[in-house]
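Engineer: Handing you a structure now.
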Amino acid sequence: MASCLGLDMATEEALWAVYDAGYFGAGQQVGDERVAAARRAFEGQLDGGNAARWREQLARRFAEHGTERGR
């Protein structure tokens, strides 16, 4: 699912984590792991990997829901 910025949710959440760490950390290092996670998320948006994972998760939820209802 895309945000109003044109970013998918995985990318947006990763970028917010970087921002929050820098802003609320008030001068502390953001951390290489958060920056790397944001890069991976953006790469996933560009190569379609995030969308593929989202579709797989959605299909799994529908399958589980159908199983619970006896379908």
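Engineer: Could you give each residue of segment 45-56 its phi-based ³J(HN,Hα) in whole Hz, using Karplus coefficients 6.51, -1.76, 1.60 with θ = phi - 60°, and x for Gly or Pro?
Structural biologist: 5, 5, 8, x, x, 5, 5, 5, 5, 4, 5, 4
Engineer: Calculate, in nm to one decimal, what Ala21 and Ala36 gain on full extension: separation in residues at 0.36 nm each, minus their alpha carbon distance.
Structural biologist: 4.0 nm
Since every read-out is calculated from the coordinates, none of them should be taken as a lab result. Quick caveat, the model's predicted, so the values are computed rather than measured.
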